[in-house]
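K.L.:
Sending over a structure as structure tokens; questions will come in a sec.
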Amino acid sequence: QVQLVESGGGLVQAGGSLRLSCAASGRTSSTVHVGWFRQAPGKEREFVAAISWSGGSTDYADSVKGRFTISGDNAKYTVYLQMNSLKPEDTAVYFCAADLWRSRLRRGESDYWGQGTQVTVSS
């Protein structure tokens, strides 16, 4: 089993920044890729960004490219999501997920998920 714990959410004004963290523990060796998803009220969960534990191979949803940056600390098995130029439409619960396969991770089919952290962007 892999446990994922997110932190860093909060309330911020439009144009502001937040940094989310996702700390992994347990059988982390069973995963290669880590990603962030978000789910706004009344909407489906959507992919935001992904990275491999090795630090390479990042990808982003078009809606966050140029504003969000995903990075990782392999030694700590922690992944970060730096969110800049936040917009009210970024308001959602942000989840961390991990998987052996990037394709399955991106489809939201991972077995391992965190509990989520709320991000609220006020206009």
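K.L.:
Sequence-distant or interchain residues sharing an amide H contact under 5 Å with residue 49, placed H: which?
P.N.:
Amide H neighbours of residue 49, under 5 Å, 5+ apart: 36, 61.
K.L.:
Sorted by average packing, counted as other Cβ atoms within 10 angstrom per residue and highest first, what order do 24-33, 9-18 take?
P.N.:
So the order, starting with the most tightly packed, is 24-33, 9-18.
K.L.:
In whole Hz, with x marking every Gly and Pro, tabulate ³J(HN,Hα) for the stretch 43-48 from phi via Karplus 6.51 cos²θ - 1.76 cosθ + 1.60, θ = phi - 60°.
P.N.:
10, 7, 5, 10, 5, 10
K.L.:
One quarter of the convex hull surface, Cα atoms only: what value does that give for the stretch 79-118 in nm²? Mind showing how you got there, number by number?
P.N.:
On the way: hull surface 14.0 nm².
Its Cα hull, projected and averaged over all orientations, spans 3.5 nm².
K.L.:
Taking every pair of distinct Cα atoms and averaging 1/r, then inverting, what Kirkwood hydrodynamic radius in Å comes out for the stretch 1-71? Mind dumping the intermediate values first?
P.N.:
On the way: mean 1/r = 0.0731 Å⁻¹.
Taking the inverse mean of 1/r over all distinct Cα pairs, the stretch 1-71 comes out at 13.7 Å.
K.L.:
Can you list the HN-Hα couplings for the stretch 25-34, worked out from phi with the Karplus curve (6.51, -1.76, 1.60; θ = phi - 60°), rounded to whole Hz and with x for Gly and Pro?
P.N.:
Per residue, the Karplus-derived 3J(HN,Hα) values read 8, x, 7, 4, 5, 7, 10, 10, 10, 10 Hz.
K.L.:
In addition: Taking every pair of alpha-carbon atoms in the stretch 54-108, give the share separated by more than 15 Å as a whole percent.
P.N.:
On the way: 835 of 1485 pairs.
Taking all Cα-Cα pairs of the stretch 54-108, the fraction more than 15 Å apart is 56 percent.
K.L.:
Give or take rounding to whole Å, what are the principal axis extents of the alpha carbon atoms in the chain, in descending order?
P.N.:
41, 28, 23
K.L.:
Pop a pseudo-label 7 angstrom from the Cα along the beta-carbon direction at both residue 27 and residue 73 and give the gap in nm to one decimal.
P.N.:
Result for the modelled spin labels: 2.6 nm.
K.L.:
Quick check: pseudo-label points 7 Å beyond the Cα along Cα→Cβ at residue 113 and residue 85, how many nm apart are they?
P.N.:
3.0 nm
None of the figures in this text is laboratory data; all of them are computed from the coordinates on show. Worth saying up front: this structure is predicted, and the values here are computed from it rather than measured. Positions of Cβ are generated from backbone atoms using ideal geometry, with glycine treated the same way; all protein chains shown enter the neighbour counts.
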